[in-house]
Amino acid sequence: MSKRKGGEIIAEGLIKEGIDHVFGICGHGNIGLLDCLYDVRDQISLVSPRHEQTAVHMADGFFRVSHKPAATLTSTGPGSANQIMALAVAQTDSSAIYSMTANVPTSQFNRGPFQELNMHHQADFNNVIKPVVKRSFQPSRVEMLPLTMRQAASTMTTGRPGPVNLDIPYNLFQEEAEVDDEPAGSAFGKRRSGASTEDVAKATDWLLAAKRPVIFIGHGVTLSEASKELTALAKRLGVPVISSPNGMGCIDMGDPLSLGFIGRNGAYQANQAGRHADLVLAIGARFDDRSASSWKPGYSWNFPTTKLIHVDVDHAEIGRNYAPDLPILADARAFLLQILAEVDRRNAPGADNLAEWQSEIAGWRKEWEEFIAPNFAEHASPIRPERIVADCRKVLPDDAIISLDSGIHHNWFMQFWEARRPQSMLNTWGYSGMGFGPSSIMGAKLAAPDRVCVSICGDGGFTMVPHVLCTAVEYNIPVVWVVWNNFAWGAIRDLQYAYFDGREYGTGFYQGENREPYNPDFAAWARASGVAGYTVTKSEDFAGALEQAVASNKPALIDVHVDADIRPPSTGSWELPPLVPKEPVFGGPWRP
C-alpha cells in the first residue's frame, strides 16, 4: 500500500460512490481538499455558488431530478452553519446529500482556535448539524476515512434517503496514511423490502371488496420510481389517486384517475373522495397537517371509519398520525409489484367494477371546474394568479421541471398544477424553507440539461437568495425564474387578514410616508447580473414573455405583478391552534 493524502482518499471515494458534482464554497478549512479535487476535475464538477444555503439546495434539486446524490463542501464555522436550514429541507423531504464540513485540526481541539465550537465538547459542530441529517460522522484520523465514507453513503441512500454529514478536521485533507480500500456504500433503489405474502393477500382482498377506494401517494412513490406500477394498478382496478405535492406526476395529472392534491389547498374532488372513501391505500405518504386538513375529521379524511392500509419504507411514519388497519413496512415499488401480481393471479375484475364511484367523482370534478373556470379565462392587471398557472401549463413542455418556494404562489400551484411526469415538481414541503425554489432549479438543470427548468418563486423568497443570478451566469445554467411579485409576504398577510380583523403589520413591502408598495426592479436587477430581465404587468403578455425566455436557452428572469388580493379557494382546512380555523370556501366537511 502506498501512502495517500486524506483529501485524495475523499476525492477517490466520491468517484467510487458515483458522486460527480460537489456544490461548495471555499474557506481556509477546506483548501486542502479543494486541491485534491482539482486533480479529479474531469470526473467531479465543482460548482461554487455565493452562499452555502444555495449550495445545499442545488444538491437537493440535483438529487430530486436525477436520484443521484451530490456532495456539498463547506469550511469551518459560519460557512457550515449556513447549511442548516437547507439540510432541514432536504431531511424532511428525503433528499440524499453528502454534506462535507471542515472542522478545526485535531492538534488544536479544545484550545479555542479560529471558529471552533467547544463549550460542551471539542470541535462540536457535528452536534449542531445532527438534528438535520440522518447521521453525522467525525473521523479523526486519515485511516478512518474509507470506512466512514462507505458508511455515510450507505446511510444516505438506504431506507428512507436523506442527508448525511462528514465533519472532517482539516488536517486530515493533507495528512497521509496507508489505508485499506472499502467498497462503495451507495445503494439507492437496490435494497427493496417487500410485504409479507399474508399482508399482500389481505390488502388485495380489501382493495377488491371496496366500493369507494382511493390511493393516496406521497414522495415515497417518487423516490421508489414506481410511477409505472402505480399507474398500472390504478388503471387495472379503476382506483382514483390523490397525491401529495412531492408525489405529483407519478400518475399523469391529466388522467381522469388523478384527483390532485388534498387538504386546504387541494382540489374539491380530492377532498370529497377522501371524505367519502371506504378504503384508503396510502403509499409513501405522511398524512401531515396540510394533506389531512390538520387531522380534523370530515374535512379531508374520515379515519377510523374509513379503513386504512399504510405502506411506507420508514416505520416511524406508519401510524404517526392515523393508526392503520393494516400497516405494511415495504418499499413502494416492491409493494405495488406484489399487489399487481396478486391481482393478476386472481384474474380480478377490471375498472368497470368501480364505475359508480368514478361517476360520483366525475360529478364533483365537474362542480369544481365550473366554479374555477371563469377566473382562468380572465385578463387583468395586476394579473390574476390563475393565469400564471394556466399559462405556465400552456407554454411549458410536459417534461419541464418546475421548482416552487414557500409562499402563496405554492398554494396556487398545489391546487391547480398538472404535473405530467414524476420528479418534475420540486417542492419545499416538510420544512418549507424560502430560497429552495430559486436555488434548487439550478441543480435540477445540471441534472437534466436537456429539459426546460423554471422556478416559480415569491418576491420575498427570491430576495433571500438573489445571488442565484450570479451562479447561473458564472456556470451558464439556463434556467428561468418567474418572480411572483405581490409586494408582500402574501401568504402570511392573508392569515393576518383572516384571523386578526385585517390588521396588517410587518407583512407588506412599502416605502415612504404614503406607504407605496415597494420592491426592487427585479428585471433590472437581473440585467445588472447578466441575466435577461422582463417585467410583465398585464396577463396578455405573460405567456409570450415565458416563451421567449425559454426559447433563449439562457438565464432569464420574469418579474410578474400578481394581484395580491385574490386567494386560492380553500376546499379543506388548516388549523393554527388555538385560532378557530376558517371553513372551506367551496364545499364543506362530511361525516359518514
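The values are calculated or read from the model by the stated rules, or taken from the named source; none is laboratory data. A quick note: this is a predicted structure, and the numbers were derived from the prediction, not measured. Cβ coordinates were reconstructed from backbone atoms using ideal geometry, including for glycine residues, and neighbour counts include every protein chain displayed. Remember, those area values only see protein heavy atoms, side chains included, never the ligands or the DNA or RNA. Shrake-Rupley method; radii C 1.70, N 1.55, O 1.52, S 1.80 Å.
Some observations on this one:
- You will find that of G79, G29, the residue that is in contact with a helix residue (DSSP H, G or I) (Cβ under 6 Å, 6 or more places away or on another chain) and surrounded by fewer than 24 Cβ atoms within 10 Å (Cβ to Cβ) is G79 and no other.
- Of the strands (runs of 3 or more DSSP E) lying entirely inside region 13-130, those containing at least 2 residues that are in contact with a strand residue (DSSP E or B) (Cβ under 9 Å, 6 or more places away or on another chain), within 15 Å of L166 (Cβ to Cβ) and in contact (Cβ under 8 Å) with a residue 12 or more places away in the chain are 21-24, 70-74, 97-103.
- Beta carbons closer than 6 Å, at least 6 apart along the sequence or on distinct chains, never pair a first residue in region 174-191 that is closer than 15 Å to K16 by Cβ with a second that is in a strand (DSSP E or B) and open to solvent by less than 50 Å² (accessible area, probe 1.4 Å).
- Identity of the residue in region 429-486, modelled with pLDDT of 95 or more and of a type in the set (F, W, Y), that ends up nearest to A55 (Cα to Cα): F436
- H67 modelled with pLDDT under 95 and either among the β-branched types (V, I, T) or open to solvent by 10 Å² or more (accessible area, probe 1.4 Å) (or both): no
- Sole residue being modelled with pLDDT of 95 or more and touching a helix residue (DSSP H, G or I) at 6+ places or on another chain (Cβ under 6 Å), chosen from G249, G266, G238: G238
- Residues that are among the aliphatic types (A, V, I, L, M) and surrounded by fewer than 21 Cβ atoms within 10 Å (Cβ to Cβ) within region 1-18 comprise M1, I15, listed in sequence order.
- Flag for Q108 being under 30 Å from S2 (Cα atoms) and open to solvent by 60 Å² or more (accessible area, probe 1.4 Å): yes
- Being of a type in the set (V, I, T) and surrounded by 24 or more Cβ atoms within 10 Å (Cβ to Cβ) is true of I441.
- When S196, S227 are screened for being surrounded by 20 or more Cβ atoms within 10 Å (Cβ to Cβ) and hydroxyl-bearing (S, T, Y), only S227 passes.
- Test result for R286, part of a loop (DSSP other than H, G, I, E, B), of a type in the set (K, R), within 27 Å of the chain's Cα centre (by Cα) and surrounded by 18 or more Cβ atoms within 10 Å (Cβ to Cβ): yes
- Candidates I217, I242: the one that is in contact with a Ser or Thr (Cβ under 9 Å, 6 or more places away or on another chain), surrounded by 24 or more Cβ atoms within 10 Å (Cβ to Cβ), hydrophobic (A, V, I, L, M, F, W, C) and in contact (Cβ under 8 Å) with a residue 40 or more places away in the chain is I217.
- Single residue of region 111-162 satisfying the filter (polar (S, T, N, Q), more than 30 Å from the chain's Cα centre (by Cα) and open to solvent by less than 60 Å² (accessible area, probe 1.4 Å)) that is nearest to V179 (Cα to Cα): S140
- Checked against the criterion of being farther than 18 Å from L259 by Cα and hydrophobic (A, V, I, L, M, F, W, C), the candidates F303, F287 yield just one match: F303.
- Reported count of residues in region 533-553, each being open to solvent by less than 80 Å² (accessible area, probe 1.4 Å) and touching a Ser or Thr at 6+ places or on another chain (Cβ under 6 Å), is 1.
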